[in-house]
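Novice: Got a structure for you, questions after.
Rule-based calculations on the coordinates, nothing more; no lab input. From a predicted model like this one, the values you see are computed outputs, not experimental measurements. Cβ placement follows ideal geometry from the backbone for every residue including glycine, while neighbour counts extend to all protein chains displayed.
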Amino acid sequence: MKTCKQKALEWGISERTVNDLCKKGRIPGAVKNGGRWQIPDEAIKPEDGRISSGRYVRARGQEKLRSLPIGISDYARAQSEYYYVDKTLLIKEFLDKKPMVSLFTRPRRFGKTLNMDMLRCFFEISEEDTSKYFEDTMIWQCGDAYTSHQGKYPVIFLTFKDVKFDSWQATLDKIKDLLQAEFGRHAKILNGSQLADYEKEYFSKMLNGSASYIDLTVALEKLSKMLASYYGVAPIIIIDEYDTPIQEGYSKDFYNEIIDFMRVFFSGAFKDNRNLSYGFLTGILRIAQESIFSGLNNLSVNSIMDEDYSQFFGFTSSEVYEMLQYYGMTDKMEELKEWYDGYLFGNEEIYNPWSVINYVSKKGIPQAYWVNTGKNEILVDVLQAATEEIKGQLYDLLQGECVITRIDQNVVYRALAEDPDNIFSLLLVAGYLKTPKKELQPDGSYLCEVSIPNKEIAAVYKSEILFHLMQIGAITRTTANKIAESLFACNYTKLQKAIAEYLDKSVSFYDGGTEGFYHGLVLGLIALMDNQYRIKSNRESGDGRYDITMFPREKKYPGIIMEFKWKADLKEEEMEQFAADALRQIDEKRYDAELIELGVTPIFKLGIAFSGKRVKVKTI
């Protein structure tokens, strides 16, 4: 018997890939012994040239490769017409556990909608023989205990992923349209004798668009009862991206209205509903604090912190490697890993599936593909709510450092205003952070070490920080570039001019209220230089705490220390004195101690004074 490492060397693939192949039963005879896989000496590497575990791999002599399913959330189409990464064992894991109602919380673009449509296609009664979409997949190899459920349930399916409107009325109208379409999908039950006249009357109101607000709140409850009466089997209810309209409500000021509606809407569907076989919901947030799921004691929550179902949303390392094999791009594995790997769901290392697919489709051009699928309002909200301390931690993350914080999975959007420390919880569940280390606390929260997952998300942070500054101060990229260039050239006259130009043109006199304002402003401006510098803020060095120190990543760049002073209504000579005082403080407090210890030379020291829209820079 051989280890995964030995077989990895023999087969020319990564050890992690071999381990994943063992876990998925792809290597006959592999057994786990003491937590490690043991593989028969004669075991042969799973070959190309066949359909393996539902993933399409290149057949010998095959000329045309399958297209990648960019933006395809229809399971039947994705599985039959495109390269499909098989996630059907999600069905097996669910049927083994059989929770009454399951909530899966994952970041956007991690395959939630496609997986929910897969569940619909598998379980739903249909005039079409939908078993053909599963015959070449892993679930079909699991036996009658699982395949016997295929095509046996009526299914109610709603996706709220496009319910993004500026007002409550428009949002309600869209939800009404979605319900109308779903009732229409089941209109055949009106032809049966199982429904009472009052049920047919209600059904007709939903179809013709005359349903009232109250009618809409009980729609899932009533439709599930009618479907159960017609088919003799209680339906499955699937709600995809349930919290999208709630996010919109938060940012567009109809939060209370959408919460009040959803509370009744979901209660009728999932709480003590005798006409329910199983329920599935997906979203980004749990939103338990809003009592949307109040009293729902049959709800099983599966978050990014949990080990259950961890490999079914996003791509595992072995799945990515197989995709690269199929498209002849295995030489891109390391670059792809740097850009799109790094997420941890439970203990499973996960790649961003949207970005991987786009990267492969673009023949290996690394970009922030995930970023371009949305407006990233969450980061804007975070920056607006962040305290100066939290902004400093966000900049630390941008420099590749870790931050220790408490993670509450029940965080809601309006909790940002109540407790800005919830920022990190929100960023984590939304896909902007990973948790290399975590420790469960007695209250159900986690004490975590968080960091940025990969290059793609680092690019998001950088661009969004600049975007936020552009929003609050109309900063131009030209101004940011001038500031960066002046620091590189140690041209402090140019630096003063660039900052003064920015202050004069774009910052209201009333914005310049505290030293912290100017500190954050400068910190944001220089954050774009993180490729050349590690930037630290408000850290101890020598005999005090400096404002900003820039540590060069290469010896050809100097170390830079900045100290700020601020006071309202200063005269020109007083500005000179304040800048000189800031410069003297750098020496008196020995703020250069850390740079000297690292052997950085030369070290440039900047004393910067602010007053309203004016700035003065002094250096030795």
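Novice: On full extension of the chain, what length is gained from LYS494 through GLU418, given 0.36 nm per residue of separation minus the C-alpha to C-alpha distance?
Specialist: That works out to 23.2 nm of additional length.
Novice: Restricting to bridges with both residues inside the chain, how much of the DSSP beta-bridge set is antiparallel, in percent to the nearest 5?
Specialist: 55
Novice: At a Cα cut-off below 21 Å, give the lysines reachable from LYS87, other chains included and same-chain residues fewer than 8 away excluded.
Specialist: Correct list for LYS87: LYS23, LYS24, LYS97, LYS98, LYS112, LYS132, LYS152, LYS161, LYS337.
Novice: How big is the chain on each of its three principal axes, counting only the C-alpha atoms and giving the largest first in Å?
Specialist: That gives 92, 68, 49 Å along the principal axes, largest extent first.
Novice: Once the Cβ-Cβ distance between ARG614 and THR330 is put in as r, and R0 is 56 Å, what FRET efficiency do you end up with, to the nearest 0.05?
Specialist: Efficiency, from the Cβ-Cβ distance: 0.45.
Novice: Looking at the chain, which longest stretch skips every one of the GluC sites (Glu not before Pro) that is in a DSSP loop with at most 13 other Cβ atoms within 10 Å, leaving the sites themselves out?
Specialist: Counting at most 13 other Cβ atoms within 10 Å as exposed, the longest clean stretch of the chain is 136-306.
Novice: Rounded to the nearest 20 debye, what is the charge dipole size of the chain about its Cα centre when +1 sits on each Lys and Arg Cβ and -1 on each Asp and Glu Cβ?
Specialist: My answer is approximately 1240 debye.
Novice: Cross-link partners among aspartates and glutamates for LYS45, C-alpha distance below 18 Å, same-chain residues fewer than 8 apart left out?
Specialist: GLU10, GLU15, ASP20, GLU319, GLU322
Novice: Then there's this: Near the amide H of ILE238, under 5 Å away, which other amide H atoms are found, from residues 5 or more places off or on another chain, if H is placed in the peptide plane?
Specialist: ILE156, PHE157, LEU158, PHE280
Novice: Summing -39500 (n - 2.57) over the DSSP H runs of n ≥ 4 in the chain and dividing by its residue number, what mean residue ellipticity at 222 nm do you reach, to the nearest 500 deg cm²/dmol?
Specialist: -12500 deg cm²/dmol
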